[in-house]
Amino acid sequence: MTVTRRRFLAGTAATAAGLMVAGRMSPARAARNDQMNILCWEGYNSDGVLGPFRAANSGVTVRAESGTSDPDMINKLRAGETSVWDLINVNQPWARDQLYPEGLIKPLSKERFLPYFDKMLPEFAAPYPLAFADDGNLLGMPQRYGPFSFVVNTDKISRETAEDQGWNLFLDPAMKGRYGVLTYDNWNVIHMCLTAGLNPFAAIEGENLSKFRDTAMGIFGGAKLLTDDLVAMNTALINGEIDAYFTGGTYTASPARYDGADNVRAITPNSGPVDGKGGCVWVELTSAVNNPDPSSVAEDFLEFVQTPEIAKAVAFTEGTYNPVSQMGNPDVLAQFDSEELNAIQMDSLAEEMARSLDYDVVTSYDALIDIYTEARRT
Amino acid sequence: MERHDRKLGLLSAMPLGLILVLSFLAPLVVVAVFSVMPAKVFTLAHMPDFSAYGVFFERGYYKSLLWSLAMALIATLALFLVCWPLAFGMAKVFGRFTLVLTVAVVMSLFVSENIRLFGWVLTLMKGGLFEGYFRSLTGIGFDSPLYNTGIIIFGLVYVYLPFMLFPLAQGISMVPDDTRQAAADLGASRWQILCQVELPLAAPGIMVGSLLTFVLAAGALAESKILGGQAVIVIADDIETAFTFGQNWPLGAALSMVLIVIIGGLALFGVSRIDLDAIMGRKR
């Protein structure tokens, strides 16, 4: 067949028409109330949470995607996915420092959500100050949290020794080659400051920067292995490859403990450089994404996860197990059995919280992360 | 009319061709433009200041790059040595057994790389398959070989073996048996036949295999993370950190550009030196 000009033009027109039709078939922009998309840490995307919500909201398409790090999820919003997601669940400094100032999330209705703080654990009932922006707006709802410092094998290093020695444990020459570093980089920056005797949340300059550098070099220099995989790290701890790991907490120790390895224990130091505190605690906030076409179902979901059964499902999802702020409500606490409470170290949770600083914005993060990555390479 | 037809064919192909070119180039262009932006910005609407490239040298990122390139080079050489006899067997000796071998090697590609590497961790770790059994049988334990540079190179060799093996087998199959026999009849030794007949004639296969493995290994991350315990920090690791925890997209983009330019230059140089048509089985 020979192609004539007329036939070619006709073909082109047909293709163009086809493309236009295809364009029109893309999802309608109106009526977003029939869908809700959440970008979250693992847990909110589990069947235990989404299944009941779907059942209670038939006709609503619920989509959830779990991220493996706060910045990964934030990068999605930065890249323009604010029009895709309705809720985002990240650790509170990322919400306060990055998402809110850049207009990627929007405040929640205080009228609707403040009453939920009343039933939370004492640490959160005040209400939790870091759930708010500096301008007083409510940025998100706290749920999962956990002390986060380091983890030891109590068969090798007793809990008392570890708590008393605190971060100095990792500077002890006898520990060289006996510990791992879990490469949650933003956490390591905080913990290396604490190890160096510095306040990570105040400006760090001059001589203190070299103190931080020396500490970072020392810790990387003495580490037997580095990994960002908590399962690999727990395995190495259980099989005796290492006796402790730098940066870890209930979040990383709980899966091993729930599997019966009670000798894996998250430790919060007894003392430290900031008001006598040496530990740190993370708190997730679930916030409303500043979606140009918002879904009203998003706030319904935020209320839904406050109910006892669902709060439990969020705490005990596949992968990791964590306390939730809603455990201040006896109905929520009753959902957990003794094995589960042992996995999340409920016996010492309150005292560990009292010895922990709130995970906050690291003022000199830019300078410190540069030194940190440099030290990691050497 | 004939000439017109040819033109119309080209014109018809143009819209789709344009989409393909755009979708291939657009992400690269975005990365390139981001790489010249000032630190820690998230849009392209800023005055370029090229500062991220300065950081590459100041902050020692070149060390990660050198580690990546060096390990990729060693892994490529090791793969060549390991795969040559195997590929020779597949092309010339094994006969029907070649199919079994091919299927076996291809099957390994069906399992995710991370899972295969975790398999090695479970095999090699303290208390794992090797050390655990050895200790329970003899009472003598030993340290695991994990978490060092050597094991990362082993991981690279293990993961990228098929990418060297198959092009090499293809290259060796292009060496006519007659040529080898003629060389032998004329008094060439085994060594001379290898160096002067087989290697030059199999060069396209060697080049394709080496390029594939080197390019993949230079950008590899999982081997260093899973087997190596990040004993060395590879460039892909630094790129990931810059984009995520560093929240410094321009730095990540600049590191990516350096890697892209080096790898791209190498690949173009390599490909220009060989007759790709020959290995594709087309006429020379």
Q) In this structure, is B:L8 within 14 Å of chain A (Cβ to nearest Cβ), surrounded by 12 or more Cβ atoms within 10 Å (Cβ to Cβ) and not hydroxyl-bearing (S, T, Y)? A) yes
Q.
Condition (residue is part of a helix (DSSP H, G or I), within 12 Å of chain A (Cβ to nearest Cβ) and surrounded by fewer than 16 Cβ atoms within 10 Å (Cβ to Cβ)) applied to segment B:91-100: is it met by at least one residue?
A. no
Q) Which of the residues that make up segment B:229-246 are more than 7 Å from chain A (Cβ to nearest Cβ) and in a loop (DSSP other than H, G, I, E, B)? A) B:A231, B:V232, B:V234
Q) So which of A:K176, A:K224, A:K156 is within 24 Å of B:Y147 (Cβ to Cβ), touching an Asp or Glu at 6+ places or on another chain (Cβ under 6 Å) and of a type in the set (D, E, K, R)? A) A:K156
Q: Enumerate the pairs (first residue in segment B:53-79 and closer than 19 Å to B:T213 by Cα; second residue anywhere and modelled with pLDDT of 90 or more and not in a helix (DSSP H, G or I)) with beta-carbon separation below 8 Å, excluding pairs fewer than 6 apart on the same chain, so at least 6 apart or on different chains.
A: B:S64/B:V234; B:W67/B:V234; B:S68/B:G219; B:S68/B:A220; B:S68/B:V234; B:M71/B:V234; B:A72/B:A220
Q. Applying the selection to segment A:316-356, what residues are out of contact with any helix residue (DSSP H, G or I) (no Cβ under 8 Å at 6 or more places or on another chain), touching a residue at least 12 places away in the same chain (Cβ under 8 Å) and under 21 Å from A:P93 (Cα atoms)?
A. A:E352, A:R355, A:S356
Q. Which condition number does B:L44 fail, the rest of (1) without any contact (Cβ under 8 Å) to a residue 24 or more places away in the chain; (2) outside any loop (DSSP other than H, G, I, E, B) being met?
A. (2)
Q: Just give me the residues in segment B:206-228 being more than 13 Å from chain A (Cβ to nearest Cβ) and part of a loop (DSSP other than H, G, I, E, B), in sequence order.
A: B:G219, B:A220
Q. Taking B:T76, is it of a type in the set (S, T, N, Q) and more than 27 Å from B:G265 (Cβ to Cβ)?
A. no
Q: Test A:V281 against the criterion of being within 14 Å of another protein chain (Cβ to nearest Cβ) and either of a type in the set (A, V, I, L, M) or surrounded by fewer than 22 Cβ atoms within 10 Å (Cβ to Cβ) (or both), and give yes or no.
A: no
(Q) Take the conditions away from chain B (no Cβ under 14 Å), in contact with a Lys or Arg (Cβ under 9 Å, 6 or more places away or on another chain) and aliphatic (A, V, I, L, M) and apply them to A:A202. Does it pass? (A) no
Q: Answer with yes or no whether B:K63 is under 30 Å from B:Q230 (Cα atoms), within 14 Å of chain A (Cβ to nearest Cβ), of a type in the set (D, E, K, R) and within 25 Å of the chain's Cα centre (by Cα).
A: yes
Q) Can you tell me which residues in segment B:120-151 are under 29 Å from A:G221 (Cβ atoms) and either touching a strand residue (DSSP E or B) at 6+ places or on another chain (Cβ under 8 Å) or in a loop (DSSP other than H, G, I, E, B) (or both)? A) B:M125, B:K126, B:G127, B:G128, B:G141, B:F142, B:D143, B:S144, B:P145, B:L146, B:Y147, B:N148
Q: Would you mind finding the one in A:W187, A:W167 that is in a helix (DSSP H, G or I) and within 14 Å of chain B (Cβ to nearest Cβ)?
A: A:W187
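Here's the yes/no breakdown for (1) farther than 16 Å from A:V314 by Cβ; (2) surrounded by fewer than 20 Cβ atoms within 10 Å (Cβ to Cβ); (3) in contact (Cβ under 8 Å) with a residue 60 or more places away in the chain; (4) assigned by TED's automatic domain parsing to the domain that holds A:D293:
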site	(1), (2), (3), (4)
A:R54	no, yes, no, yes
A:N57	yes, yes, yes, yes
A:L77	yes, no, yes, yes
A:A131	yes, no, yes, yes
Q: Scan segment A:317-328 for residues that are buried (at least 22 other Cβ atoms within 10 Å of the Cβ) and either closer than 24 Å to A:L230 by Cα or among the small types (G, A, S) (or both) and report the count.
A: 6
Q.
Please determine whether any residue of segment B:77-87 is more than 12 Å from every other protein chain (Cβ to nearest Cβ), under 17 Å from the mean Cα position of the chain (by Cα), of a type in the set (V, I, T) and surrounded by 19 or more Cβ atoms within 10 Å (Cβ to Cβ).
A. no
Q. With respect to A:V62, is the statement that it is in contact with a Cys (Cβ under 9 Å, 6 or more places away or on another chain), within 18 Å of A:L302 (Cα to Cα) and either modelled with pLDDT of 90 or more or away from every other protein chain (no Cβ under 12 Å) (or both) true?
A. no
Q | Condition met for A:N208 (surrounded by fewer than 20 Cβ atoms within 10 Å (Cβ to Cβ) and either among the hydrophobic types (A, V, I, L, M, F, W, C) or under 21 Å from A:G279 (Cα atoms) (or both)) | A | yes
Q) Filter segment A:329-374 for residues that are crowded, with 19+ Cβ neighbours inside 10 Å and more than 28 Å from A:R96 (Cα to Cα); which is farthest from the other protein chains (Cβ to nearest Cβ)? A) A:Q335
Q.
Restricting to segment B:230-274, count the residues that are modelled with pLDDT under 90, in contact with a Ser or Thr (Cβ under 6 Å, 6 or more places away or on another chain) and small (G, A, S).
A. 1
Q.
Among the residues of segment B:15-28, are any within 13 Å of chain A (Cβ to nearest Cβ), surrounded by 11 or more Cβ atoms within 10 Å (Cβ to Cβ) and of a type in the set (A, V, I, L, M)?
A. no
Q: Mind listing whichever residues of segment A:79-96 are among the β-branched types (V, I, T) and either surrounded by 18 or more Cβ atoms within 10 Å (Cβ to Cβ) or within 14 Å of chain B (Cβ to nearest Cβ) (or both)?
A: A:T82, A:I88, A:V90
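The values are calculated or read from the model by the stated rules, or taken from the named source; none is laboratory data. It should be emphasised that the depicted structure is a prediction, and the values quoted were computed from it without experimental measurement. Please note: Cβ atoms are built from the backbone with ideal geometry, for glycine as well, and neighbour counts cover all protein chains shown.
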